[in-house]
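Colleague: Handing you this structure, nothing more for now.
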Amino acid sequence: MLAADPGTSIASIATQAGVDRRTVYRRFASREELLAAIYESRLTAIERAIQDARLREAPVTVALHRYVENIITVNRTWPVDLTHMLTDDAIRQRRDASVQEVDTFLERATAEGLFRQNQPQGWAASLLPQLMHLVSRQQPDLSPAQAADIVVDTLLNGLGAS
């Protein structure tokens, strides 16, 4: 509900969840506290998705597909934008560490010949999240694995080494 309308009231959220508004307030003292918990859960899920993909150890094509599939699952489970929480230093640092981990992987993928080297610096890192976001939202009937197939195919055919 918050992804669709960030201004959604606690009362509406409680009604949709099938609980009383007081139940929500017993767990979260304010709307901001609820949002912080949601953002924290999304960020933790992203960190787990990156860890599970084994971006440093797995073969690049395997790691890429696993990462994309995991992030599509995160996007569908936690469809909120972290940019609202980037004023929090701890959240921003964790998010930046995740971004750096993926950037390092994409550099590895380029060095190993998965992507053409004549692309602008950071192009794959800019394109990949957009593709994952699009498929997460616009292809909800696809399983995360099927959606990852589309993203990886699009990414490699658009940036892939010939």
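Colleague: Among the candidates ILE10, ILE38, which residue alone is more than 16 Å from the chain's Cα centre (by Cα), over 18 Å from ALA125 (Cα atoms) and in contact (Cβ under 8 Å) with a residue 24 or more places away in the chain?
Modeller: Testing whether each residue is more than 16 Å from the chain's Cα centre (by Cα), over 18 Å from ALA125 (Cα atoms) and in contact (Cβ under 8 Å) with a residue 24 or more places away in the chain leaves just ILE10.
Colleague: Can you name the residue in region 14-53 that is open to solvent by less than 70 Å² (accessible area, probe 1.4 Å) and basic (Lys, Arg) and, of all such residues, is farthest from THR73 (Cα to Cα)?
Modeller: ARG31
Colleague: While we're here: Regarding ARG76, is this residue open to solvent by 40 Å² or more (accessible area, probe 1.4 Å), touching a Leu at 6+ places or on another chain (Cβ under 7 Å) and either at negative phi or modelled with pLDDT of 90 or more (or both)?
Modeller: no
Colleague: I would also like to ask the following. List pairs: first in region 46-69 and under 14 Å from ASP149 (Cα atoms) and in contact (Cβ under 8 Å) with a residue 60 or more places away in the chain, second surrounded by fewer than 14 Cβ atoms within 10 Å (Cβ to Cβ) and not charged (D, E, K, R), Cβ under 9 Å, 6+ apart or cross-chain?
Modeller: The qualifying pairs are HIS65/ALA145; GLU69/SER143; GLU69/ALA145.
Colleague: I need a count of the residues in region 99-154 that are over 18 Å from GLU57 (Cα atoms), among the polar types (S, T, N, Q), assigned to a helix (DSSP H, G or I) and open to solvent by 50 Å² or more (accessible area, probe 1.4 Å).
Modeller: Summing the residues that are over 18 Å from GLU57 (Cα atoms), among the polar types (S, T, N, Q), assigned to a helix (DSSP H, G or I) and open to solvent by 50 Å² or more (accessible area, probe 1.4 Å) in region 99-154 gives 5.
Colleague: If you don't mind, there's one more thing I want to ask. Answer yes or no as to whether THR87 is open to solvent by 60 Å² or more (accessible area, probe 1.4 Å), in a helix (DSSP H, G or I) and not basic (Lys, Arg).
Modeller: No; evaluated as a whole, the condition is false for this residue.
The values are calculated or read from the model by the stated rules, or taken from the named source; none is laboratory data. Keep in mind that what you see is a predicted model, and the values were worked out from it rather than measured. A quick note on method: Cβ atoms are made from the backbone with ideal geometry, for glycine too, and the neighbour counts reach across all protein chains shown. For accessibility, only protein heavy atoms count, side chains too; no ligands or nucleic acids. Shrake-Rupley method; radii C 1.70, N 1.55, O 1.52, S 1.80 Å.
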